[in-house]
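Engineer: Sharing a structure, written as structure tokens. Questions coming.
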Amino acid sequence: MSDANEWGSPPKDYGLIVPDGWFKLRLEPELRDRGIIALADQQFRGVDNAPHVKERVMRDLQKQTKAAFRRGGIELYISTLTVGGVPLASSLLVSISPPDSWPRNAAVHQLAERLEAPGKDVTLVDLPVAGKAARERYREDPDPADQTGNTLPTTTVAFHIPIPATSNVLTLTFSTPIDPLAGQMVDLFDAVAETLHWI
């Protein structure tokens with residue numbers, strides 16, 4: 001694995017290690033629906049009396065993944081983990097920012113300056129292999145218009161990493177609505193981000 005500073009040409013891909021039990025959805029239109037069906041089948045295996053719930057979950061996922069793809073999303077990881085029967089709800093969206101989202105060839109400190117806002121904790125971090133990143137953490141109250149039924153605040157941690165030898169930025173956006181465990185989940189998100197490497 002190479003450090004970001006060693007790249008003279010753009011990497012072909014990236015690698016990331018996520019926990020077992022995180023389901024990976026590719027967001028390209030030709031792959032998206034197949035992944036959504038596979039995830040729904042997995043989550044509702046052995047549950048025959050909830051076809052309407054399963055259908056609603058699939059519809060909500062389609063909306064989320066289409067919106068994410070329009071914003072540069074490449075992959076969406078969704079946690080299917082449970083502890084003591086309680087779902088450890090969390091997700092990770094991997095996206096490449098459109099060229100006009102950031103100043104061209106912006107340095108990491110410039111990314112951090114653009115992210116500064118009330119209620120956000122923005123820092124510069126050094127990912128062990130991928131290089132420097134701007135990290136933001138914030139907490140949002142639930143949206144009353146949200147139809148998913150979430151009534152808990154959502155904690156989000158996002159890492160914005162310049163892609164070596166390009167003017168693009170790779171963003172890892174982690175989020176969880178499990179407010180009582182937000183601190184532990186953020187520790188997990190940080191650990192996953194530290195596995196990012198260029199290929």
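The values are calculated or read from the model by the stated rules, or taken from the named source; none is laboratory data. These figures come from a predicted structure and were not determined experimentally. Quick reminder, even Gly has a Cβ in these numbers, built from the backbone with ideal geometry, and neighbours come from all protein chains shown. Heavy atoms of the whole protein, side chains included, go into the accessibility calculation; ligands, DNA and RNA do not. Shrake-Rupley method; radii C 1.70, N 1.55, O 1.52, S 1.80 Å.
Engineer: Any idea how many residues of region 157-186 are among the hydroxyl-bearing types (Ser, Thr, Tyr) and surrounded by fewer than 17 Cβ atoms within 10 Å (Cβ to Cβ)?
Structural biologist: Of region 157-186, the ones among the hydroxyl-bearing types (Ser, Thr, Tyr) are 166-167, 171, 173, 175-176.
Subsequent filtering for residues that are surrounded by fewer than 17 Cβ atoms within 10 Å (Cβ to Cβ) retains 166-167.
Of the residues in region 157-186, 2 are among the hydroxyl-bearing types (Ser, Thr, Tyr) and surrounded by fewer than 17 Cβ atoms within 10 Å (Cβ to Cβ).
Engineer: Still on this structure: Is at least one residue of region 78-91 surrounded by 12 or more Cβ atoms within 10 Å (Cβ to Cβ), in a helix (DSSP H, G or I) and of a type in the set (A, V, I, L, M)? I'd like the intermediate steps shown before the answer.
Structural biologist: Keep residues of region 78-91 that are surrounded by 12 or more Cβ atoms within 10 Å (Cβ to Cβ), which gives 78-81, 87-91.
Imposing the further condition that a residue be in a helix (DSSP H, G or I) reduces the set to none.
No.
Engineer: Check Phe159, Phe174 and return the single one that is in contact (Cβ under 8 Å) with a residue 60 or more places away in the chain and in contact with a helix residue (DSSP H, G or I) (Cβ under 8 Å, 6 or more places away or on another chain). Explain how you work it out, then say what you get.
Structural biologist: Working: Phe159 fails: in contact (Cβ under 8 Å) with a residue 60 or more places away in the chain.
Checking each option against the conditions leaves just Phe174.
Engineer: Return the total of residues in region 41-66 being under 16 Å from the mean Cα position of the chain (by Cα), farther than 14 Å from Thr173 by Cα and open to solvent by less than 40 Å² (accessible area, probe 1.4 Å).
Structural biologist: Number satisfying all stated conditions: 1.
Engineer: Also, quick follow-up: Got at least one residue in region 137-146 being free of Cβ contacts under 8 Å to residues at least 40 places away in the same chain, over 24 Å from Ser79 (Cα atoms) and in a strand (DSSP E or B)?
Structural biologist: The answer is no, given that none of the residues of region 137-146 is free of Cβ contacts under 8 Å to residues at least 40 places away in the same chain, over 24 Å from Ser79 (Cα atoms) and in a strand (DSSP E or B).
Engineer: Before we move on, is Ala106 more than 18 Å from the chain's Cα centre (by Cα), modelled with pLDDT under 90, in a loop (DSSP other than H, G, I, E, B) and hydrophobic (A, V, I, L, M, F, W, C)? Working first, answer last.
Structural biologist: On the way: more than 18 Å from the chain's Cα centre (by Cα): yes; modelled with pLDDT under 90: yes; in a loop (DSSP other than H, G, I, E, B): yes; hydrophobic (A, V, I, L, M, F, W, C): yes.
It is true that Ala106 is more than 18 Å from the chain's Cα centre (by Cα), modelled with pLDDT under 90, in a loop (DSSP other than H, G, I, E, B) and hydrophobic (A, V, I, L, M, F, W, C).
Engineer: I want to confirm something. Restricting to region 109-127 and keeping residues that are touching a strand residue (DSSP E or B) at 6+ places or on another chain (Cβ under 6 Å) and assigned to a loop (DSSP other than H, G, I, E, B), which single residue is farthest from Thr156 (Cα to Cα)?
Structural biologist: Glu116
Engineer: Could you please give the count of residues in region 12-32 that are surrounded by 10 or more Cβ atoms within 10 Å (Cβ to Cβ) and touching a residue at least 60 places away in the same chain (Cβ under 8 Å)?
Structural biologist: If we filter region 12-32 for residues that are surrounded by 10 or more Cβ atoms within 10 Å (Cβ to Cβ), which is where we start, we get 14-19, 21-29, 31-32.
Right, trim to touching a residue at least 60 places away in the same chain (Cβ under 8 Å) and you get 14-19, 21-22.
Summing the residues that are surrounded by 10 or more Cβ atoms within 10 Å (Cβ to Cβ) and touching a residue at least 60 places away in the same chain (Cβ under 8 Å) in region 12-32 gives 8.
Engineer: Output the number of the condition that Ala40 fails; it satisfies all remaining conditions of (1) over 29 Å from Val129 (Cα atoms); (2) hydrophobic (A, V, I, L, M, F, W, C); (3) modelled with pLDDT of 90 or more.
Structural biologist: It fails just one condition, (3).
Engineer: So, one more: With the structure loaded, tell me whether Glu140 is in contact with a strand residue (DSSP E or B) (Cβ under 9 Å, 6 or more places away or on another chain), loosely packed, with under 12 Cβ neighbours inside 10 Å and more than 24 Å from Ile199 (Cβ to Cβ) or whether it fails that test. Don't jump to the end; show me each part of the working.
Structural biologist: Details: in contact with a strand residue (DSSP E or B) (Cβ under 9 Å, 6 or more places away or on another chain): yes; loosely packed, with under 12 Cβ neighbours inside 10 Å: no; more than 24 Å from Ile199 (Cβ to Cβ): yes.
Against the criterion (in contact with a strand residue (DSSP E or B) (Cβ under 9 Å, 6 or more places away or on another chain), loosely packed, with under 12 Cβ neighbours inside 10 Å and more than 24 Å from Ile199 (Cβ to Cβ)), Glu140 does not qualify.
Engineer: I've got another one for you. Scan region 104-120 and tell me whether some residue there is touching a helix residue (DSSP H, G or I) at 6+ places or on another chain (Cβ under 7 Å) and open to solvent by less than 90 Å² (accessible area, probe 1.4 Å). Even if it seems obvious, please write down each step before you answer.
Structural biologist: Going residue by residue through region 104-120, those that are touching a helix residue (DSSP H, G or I) at 6+ places or on another chain (Cβ under 7 Å) are none.
No, region 104-120 contains no residue that is touching a helix residue (DSSP H, G or I) at 6+ places or on another chain (Cβ under 7 Å) and open to solvent by less than 90 Å² (accessible area, probe 1.4 Å).
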